[in-house]
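Asks: Below are the structure tokens for one structure; questions will follow.
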Amino acid sequence: MIGGLFIYNHKGEVLISRVYRDDIGRNAVDAFRVNVIHARQQVRSPVTNIARTSFFHVKRSNIWLAAVTKQNVNAAMVFEFLYKMCDVMAAYFGKISEENIKNNFVLIYELLDEILDFGYPQNSETGALKTFITQQGIKGQHQTKEEQSQITSQVTGQIGWRREGIKYRRNELFLDVLESVNLLMSPQGQVLSAHVSGRVVMKSYLSGMPECKFGMNDKIVIDKQGKGGTTDDPGKSELGGSGKQSIAIDDCTFHQCVRLSKFDSERSISFIPPDGEYELMRYRTTKDIILPFRVIPLVREVGRTKLEVKVVIKSNFKPSLLAQKIEVRIPTPLNTSGVQVICMKGKAKYKASENAIVWKIKRMAGMKESQISAEIELLPTNDKKKWARPPISMNFEVPFAPSGLKVRYLKVFESKLNYSDHDVIKWVRYIGRSGIYETRC
Amino acid sequence: MTDSKYFTTTKKGEIFELKAELNSDKKEKKKEAVKKVIASMTVGKDVSALFPDVVNCMQTDNLELKKLVYLYLMNYAKSQPDMAIMAVNTFVKDCEDPNPLIRALAVRTMGCIRVDKITEYLCEPLRKCLKDEDPYVRKTAAVCVAKLHDINAQLVEDQGFLDTLKDLISDSNPMVVANAVAALSEIAESHPNSNLLDLNPQTINKLLTALNECTEWGQIFILDCLANYMPRDDRESQSICERVTPRLSHANSAVVLSAVKVLMKFMEMLPKDLDYYGTLLKKLAPPLVTLLSAEPELQYVALRNINLIVQKRPEILKHEMKVFFVKYNDPIYVKLEKLDIMIRLASQANIAQVLAELKEYATEVDVDFVRKAVRAIGRCAIKVEQSAERCVSTLLDLIQTKVNYVVQEAIVVIKDIFRKYPNKYESVIATLCENLDSLDEPEARAAMIWIVGEYAERIDNADELLESFLEGFHDESTQVQLQLLTAIVKLFLKKPTETQELVQQVLSLATQDSDNPDLRDRGYIYWRLLSTDPVAAKEVVLAEKPLISEETDLIEPTLLEELICHIGTLASVYHKPPSAFVEGSRGVQHKRIPARAGSGESAESSDVGQSGPSEAPPAVIPSQGDLLGDLLNLDLAPPTATVPSVQPSMQMGAMDLLGGGLDSLMGDDSDTLGGDIGGSPSMGAGLGAAPAAMPASLGAAPAVGGGLGDLFDLGGGVGMPTGSYVAPKTVWLLAMKGKGLEISGTFARRGGIIQMDLTLTNKAMSVMTDFAIQFNRNSFGLAPAGPLQVLTPLSPNQTIDVSLPLSTSGPVMKMEPLNNLQVAVKNNIDVFYFSCQYPLSLLFVEDGKMDRQVFLATWKDIPNENEAHFQIKDIHLNSDVASNKLQGSNIFTIAKRTVEGQDMLYQSVKLTNGIWVLAEMRIQTGNPNYTLSIRCRAPEVCQFVYLCYELVLKN
């Protein structure tokens, strides 16, 4: 299991050092600094073995987190734990920075003591931790006996993510369908790979221990219902707008509150949600993706010292919808001496420090087209290596789900308290963002 | 409130000041002081001197302060064991606290104070806590057992904690179960033979129930533990798999990977024809792909594991090539791993896509990545034969970029492509040679030199090229030196006239001026070979090389099996067994995949290196003068089926340089010594005929079939019908010379058995009895396989027909002409000698059909000067009829090609002694004259083979 956990700043100074096992000595702290942080080379592997000691490391801004072990531990678990550790810290004090870590070091030690025992990860749900980690939350001595046992049963119990007795005057929930659409396109416009990775994020402000059921236009579920003849779902006609009745989900994963065995057998998503914001599910689709933009590049080398670049972008969605925060990044060679840009819409600038022309458009409606052309002057070089021509990348935000996913329902049942599904105010929002959206040129 | 100020105290009397603060009456001040102490501790300052003062702060009901003190204790107790005892009382008291959080904190911290003396006091509180009413305390106590075991294993066993821990597996709280499992698994690891984790169907059932309810981490502990279980049968295996599959949808990648491990292991037990098996395979792919959208570090772990899974079960991800395409912003470690998997998944179906991608990657920035991409193109060429041409042209494009390391890498992989597809892509050599000057890496230089040497006959200025390398011979790395030596020797053997000086130069450089033993020895071997027998040298140095295959980079199967059992762990990331990087006894046990129930999945053993026995006829070299004497001394007692007294089963060490060389040495002797009777006969050539370094599986086949097979077939019946032509009997011994005995006869091959058909006529006046027959040594070792069956006395004017089976295992001596046979027949009157000639077709064996590829290679391999041309006149048969007719005499047509009205038949024949004869027969429609070209390593047989052709075709 994990033998020790260290947090360093960018200089390699130790901010936090917690050792769980005897086989990890103080010299391990230095070994990592010398061999990884101070190494001149770029990181070649997130797992480094130095003198029979394995270091797992992740970096958040300029802070290094390293878990150390001498055993054959579950590597995936160690990384998941490090990420979780970051989440927990962020939930307590915001951004993970040197200042924040120094300001909260006692809290961090207390957390590390609780979520990692002898190197074994324990309950790491922030909601549960906040009930008894004392630095900023409730003080131990003020708890009654009932409260204490409630805490312990929650931390260890079946529903470790939610405590009893939550009350809201207004029962409300927010569902955000957040998708990032990824594309790799050849210069000729052939889709080399495309996929959507989506997340359903829920903010729940519900009283008691509500039982929830979530439904979406999952092809498998819809087809099953279609066979049964019960297709009188009122939501369906409305769905027709996007042209797709159902979508094929390649794979999905769920928050631990979701009953996986039920999903496996019936494909229904039922759960008791944590209080507040959390990620209900992640999913991935590859079929019938709506690609919101198409990028058409044209690069021409005029002699050895000049490049002509023309890029056309076309929006491909309903004209009534508006895409926002559009940014096209056109890479330029390292020996660029000057750039002249003309664009029809938005603003374009050559950024020498980033070796790219950045073209920004605030808003763009669907089924429109815009164009930029640039002349790039090059310094003559004797560098034999050709310019690698990195792909043109794009960023944007659109108010729909490129995968075509639709929320069909989210039903809330709470038997003990007297509110029904109809009393809950529900909000649904779709946001599609660009992931890695690249076109080779 | 911020804590950072604690890090900034730089005053001189720091320790002293802290001491005062720690002993302050004010709670707040105390707390502040302890925080300062912890801060100093973190940055590595020694604050152990404050031990008693800090411990004094422990007695408090302020939980926050208590935790801080505990933190300090855990760090310094070991350096101050005596003082640590002071803390014990507080711990024991805290374990009785009404607040479960305090009880748990006490037992947790106590376990972390690794002082022997304290452990004694720990036992009682721990025993209580293991049975505490609060699950939070129990789950903490479970881990504490593991801690205690780490300090004092014996104590834990004596106190019976292990049994209590086992009981906790049945606890009602899932988290307690998970921690108990984790603790037990770890303890079991250090006791490889203990039956600690006694997994049986009941406990497995409990674990599976807890699996649905516990935290993500608990699920990992349970799944990792489940993976060690061996189900009793396939049904149990299936039911576990069914209950584990839902975990594949968990958001935590580690849960997913551990579930994959359990499934990969247990599905091994399921019968492959089971529907569920297929369903399971399908279910595995999506979660694996989803892992690739995790954070990069996890992607890396996932990719390393997928690399293993793809090798074990390629079918799972064979349609998922695209997800492994490299993204521009992927960290380098993710890129390199993806590339590796892309090659593993490359197949004919997706090769176009893969190549387009690889070509794209070859223009990227990271040098390592670019190199690997270029190498990948080469590996694709070797893996997917249909793509080879495309790969080569892609590589040529890349060479044109002139980027130094791209060119070098490309040359290295092109060498491998040549090894896989010899004589196919030499057209690119010219392009390669243009880049000779830019090569500065040893591997690339060595590869280029190898190519020049291998194809020296096609490169006009090969000598100049190699000479240019020779100038800095001593500055080159060993790899390059060795390659250069071999290449120049190859060149010399191919173009001896122009390169004598060069070869002398390199030999002296290698043997006299070098202190590298490898180089020197190789130099000496070449030198000796060249000086004693250049022809033999040729056979050795220019021998055919075994083809390379793509399997070279696969993980060895037993290691792969073990690594599959370690999916998700560090072992699977390093691709090494745990014993390679874990110290001590932990993890040294080798894990195995359970065997499939009643499966016949036998491991495919590779054929490479296997060699069959080959019959090497004893080389007896009698002189001409002894011939008569030998005959006279023959013991004319009826010989039984003579198994040669010397039956050397010489191992055809196909890969062995020297072994191969020896064989060919013998073979070539006969070439040079020609008709010299005293020389080792053409049998030697037969040995050499199996190309010295042909893959053993090929080289061994003819030897087995030809030699031993025939020998043992002799016991079979006589007179099986066959289509082979039998010449009419001719008179061999005139009655005049045989004192009244006239012998006429002929030879026939029936069903693989050679027979001598004799007609004996008694033209004398008296009865003849006591017939016996004996042969002199002859070219192919023909000998009677049984006595001459003339049982009844032969009366005057009586004629008897006898069939005598012959073997080819007799003593061998080259005869002139080759097919001459000297026979002695004895009867009650005298011994008579005569000689006769047999058609060579007698010796054509039934398994003489050569594989096309081998034919092609062998044809090329036999030097041109060994080719003989003949005209067969006045044959009015079409090619098919001719080929059928020839087949009756074991002349096999391998391929037929029609070019401009001319049929070309490619035929092979094998002699009983393993000599292969290859022939090309051209038949022009309307022209009764056939052209026959025959190639054989023993050229003297060509003439006789031609005669057989004529005989067969004309009759």
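The values are calculated or read from the model by the stated rules, or taken from the named source; none is laboratory data. Since the model is a prediction, treat every value here as computed from it, not as a measurement. Please note: Cβ atoms are built from the backbone with ideal geometry, for glycine as well, and neighbour counts cover all protein chains shown.
Asks: Restricting to region B:116-135, what's the tally of residues that are acidic (Asp, Glu), assigned to a helix (DSSP H, G or I) and closer than 14 Å to B:LEU168 by Cα?
Replies: 0
Asks: Go through region B:140-182 and report how many residues are more than 9 Å from chain A (Cβ to nearest Cβ), basic (Lys, Arg) and surrounded by 18 or more Cβ atoms within 10 Å (Cβ to Cβ).
Replies: Matching residues across region B:140-182 total 0.
Asks: Which residues, taken from region B:63-113, are over 25 Å from A:LEU107 (Cβ atoms) and either at pLDDT below 85 or within 10 Å of chain A (Cβ to nearest Cβ) (or both)?
Replies: Those that are over 25 Å from A:LEU107 (Cβ atoms) and either at pLDDT below 85 or within 10 Å of chain A (Cβ to nearest Cβ) (or both): B:LYS78, B:SER79, B:GLN80, B:PRO81, B:ASP82, B:MET83, B:ALA84, B:ILE85, B:MET86, B:VAL88, B:ASN89, B:PRO98.
Asks: Quick one: is A:LEU379 under 30 Å from B:GLN400 (Cβ atoms), more than 14 Å from chain B (Cβ to nearest Cβ) and surrounded by fewer than 18 Cβ atoms within 10 Å (Cβ to Cβ)?
Replies: Yes.
Asks: Check B:GLN853 against each of (1) over 30 Å from B:LYS896 (Cα atoms); (2) out of contact with any Leu (no Cβ under 6 Å at 6 or more places or on another chain); (3) surrounded by fewer than 18 Cβ atoms within 10 Å (Cβ to Cβ); (4) not charged (D, E, K, R) and name the one condition it does not meet.
Replies: Against the list (1) over 30 Å from B:LYS896 (Cα atoms); (2) out of contact with any Leu (no Cβ under 6 Å at 6 or more places or on another chain); (3) surrounded by fewer than 18 Cβ atoms within 10 Å (Cβ to Cβ); (4) not charged (D, E, K, R), B:GLN853 comes up short only on (1).
Asks: Shifting gears a bit: Counting only residues that are within 13 Å of chain A (Cβ to nearest Cβ), surrounded by 17 or more Cβ atoms within 10 Å (Cβ to Cβ) and either assigned to a helix (DSSP H, G or I) or at pLDDT 90 or above (or both), how many does region B:360-398 have?
Replies: Number satisfying all stated conditions: 7.
Asks: Among the residues in region A:31-43, are any of a type outside the set (S, T, N, Q) and in contact with a helix residue (DSSP H, G or I) (Cβ under 8 Å, 6 or more places away or on another chain)?
Replies: Yes, because at least one residue in region A:31-43 is of a type outside the set (S, T, N, Q) and in contact with a helix residue (DSSP H, G or I) (Cβ under 8 Å, 6 or more places away or on another chain).
Asks: Let me ask another. Mind listing whichever residues of region A:328-344 are touching a Ser or Thr at 6+ places or on another chain (Cβ under 6 Å) and modelled with pLDDT under 90?
Replies: Within region A:328-344, A:ASN335, A:MET344 meet the criteria.
Asks: List every residue pair whose Cβ atoms lie under 8 Å apart, where the two residues are 6 or more positions apart in sequence or sit on different chains, the first residue falls within region A:183-198 and is closer than 17 Å to B:ALA352 by Cα, and the second residue, located anywhere, is assigned to a loop (DSSP other than H, G, I, E, B) and among the hydrophobic types (A, V, I, L, M, F, W, C).
Replies: Partner pairs satisfying both residue conditions: A:LEU184/B:PHE325; A:PRO187/A:CYS441; A:VAL191/A:LEU291; A:LEU192/B:PHE325; A:SER193/B:PHE325.
Asks: Give, as residue ranges, the helices (runs of 4 or more DSSP H) completely inside region B:240-354 that count at least 2 residues that are under 23 Å from A:ALA67 (Cβ atoms), at the interface with another protein chain (Cβ under 8 Å from one of its Cβ atoms) and hydroxyl-bearing (Ser, Thr, Tyr).
Replies: The helices (runs of 4 or more DSSP H) meeting that bar are B:253-266.
To keep it simple, each residue is scored yes or no on (1) touching a His at 6+ places or on another chain (Cβ under 8 Å); (2) more than 27 Å from A:GLY94 (Cβ to Cβ); (3) buried (at least 19 other Cβ atoms within 10 Å of the Cβ).
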| position | (1), (2), (3) |
| --- | --- |
| A:ASN27 | no, yes, no |
| A:ASN35 | no, yes, no |
| A:ARG44 | no, yes, no |
| A:HIS57 | no, no, yes |
| A:ARG60 | no, no, no |
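Asks: Here is a follow-up. Quick check, is A:LYS102 surrounded by fewer than 21 Cβ atoms within 10 Å (Cβ to Cβ) and among the basic types (Lys, Arg)?
Replies: So A:LYS102 fails the test.
Asks: Let me ask something additional. How many residues are closer than 26 Å to A:PHE55 by Cα, more than 14 Å from chain A (Cβ to nearest Cβ) and assigned to a helix (DSSP H, G or I) when one looks only at region B:539-563?
Replies: Going through region B:539-563 one residue at a time, the tally reaches 3.
Asks: Still on this structure, I have one more. Look through region A:33-49, keep the residues that are within 11 Å of chain B (Cβ to nearest Cβ) and modelled with pLDDT under 90, and return whichever of them is nearest to B:LYS335 (Cα to Cα).
Replies: Ranking the candidates gives A:ARG44 first.
Asks: Counting only residues that are β-branched (Val, Ile, Thr) and in contact with a Pro (Cβ under 9 Å, 6 or more places away or on another chain), how many does region A:311-335 have?
Replies: Residues flagged as β-branched (Val, Ile, Thr) and in contact with a Pro (Cβ under 9 Å, 6 or more places away or on another chain) within region A:311-335 amount to 3.
Asks: Please go through region A:260-282 and give me each residue that is more than 9 Å from chain B (Cβ to nearest Cβ), over 21 Å from B:LEU208 (Cβ atoms) and assigned to a strand (DSSP E or B), ordered by number.
Replies: A:ILE269, A:GLY276, A:GLU277, A:TYR278, A:LEU280
Asks: On to the next question. What's the total number of residues in region B:183-209 that are touching a Gly at 6+ places or on another chain (Cβ under 9 Å) and more than 10 Å from every other protein chain (Cβ to nearest Cβ)?
Replies: Qualifying residue count for the region: 1.
Asks: Another one. Within region A:288-302, does at least one residue satisfy the condition of being farther than 30 Å from A:VAL339 by Cβ and either at pLDDT below 90 or away from chain B (no Cβ under 14 Å) (or both)?
Replies: yes
Asks: Can you find a residue in region B:450-473 that is within 17 Å of B:ASN404 (Cα to Cα) and of a type in the set (Gly, Ala, Ser)?
Replies: No, the conditions are met nowhere in region B:450-473.
Asks: Restricting to region A:50-77, and then to whatever is touching a residue at least 40 places away in the same chain (Cβ under 8 Å) and facing chain B (nearest Cβ under 8 Å), can you tell me which residue is nearest to B:GLU216 (Cα to Cα)?
Replies: Checked region A:50-77; the qualifying residue nearest to B:GLU216 (Cα to Cα) is A:MET77.
Asks: Still on this model: If you scan region A:12-32, which residues turn out to be in a loop (DSSP other than H, G, I, E, B), more than 8 Å from chain B (Cβ to nearest Cβ) and without any contact (Cβ under 8 Å) to a residue 12 or more places away in the chain?
Replies: Across region A:12-32, the qualifying residue is only A:GLY25.
Asks: Any residue at all in region B:910-929 that is among the polar types (S, T, N, Q), modelled with pLDDT of 80 or more, surrounded by 17 or more Cβ atoms within 10 Å (Cβ to Cβ) and not in a strand (DSSP E or B)?
Replies: Among the residues of region B:910-929, at least one is among the polar types (S, T, N, Q), modelled with pLDDT of 80 or more, surrounded by 17 or more Cβ atoms within 10 Å (Cβ to Cβ) and not in a strand (DSSP E or B), which makes the answer yes.
Asks: Just to be sure, is A:GLU172 in contact with a Phe, Trp or Tyr (Cβ under 8 Å, 6 or more places away or on another chain), closer than 30 Å to A:VAL312 by Cβ and at pLDDT 90 or above?
Replies: no
Asks: What's the number of the condition B:ASP46 fails, among (1) in a helix (DSSP H, G or I); (2) out of contact with any helix residue (DSSP H, G or I) (no Cβ under 6 Å at 6 or more places or on another chain); (3) among the acidic types (Asp, Glu)?
Replies: (1)
Asks: Within the set of pairs 6+ apart or on separate chains, which have a first residue in region A:137-165 that is within 9 Å of another protein chain (Cβ to nearest Cβ), a second that is modelled with pLDDT under 70 and assigned to a helix (DSSP H, G or I), and C-beta atoms under 9 Å apart?
Replies: A:GLN148/A:GLY140
Asks: Among the residues in region B:826-835, are any within 41 Å of the chain's Cα centre (by Cα) and either outside the structural domain of B:VAL767 (by the TED database) or not aromatic (Phe, Trp, Tyr) (or both)?
Replies: No, region B:826-835 has no match at all.
Asks: If I filter region B:221-234 for residues that are more than 14 Å from every other protein chain (Cβ to nearest Cβ), over 16 Å from B:VAL107 (Cβ atoms) and either of a type in the set (A, V, I, L, M, F, W, C) or without any contact (Cβ under 8 Å) to a residue 12 or more places away in the chain (or both), do I get at least one hit?
Replies: There is at least one residue in region B:221-234 that is more than 14 Å from every other protein chain (Cβ to nearest Cβ), over 16 Å from B:VAL107 (Cβ atoms) and either of a type in the set (A, V, I, L, M, F, W, C) or without any contact (Cβ under 8 Å) to a residue 12 or more places away in the chain (or both).
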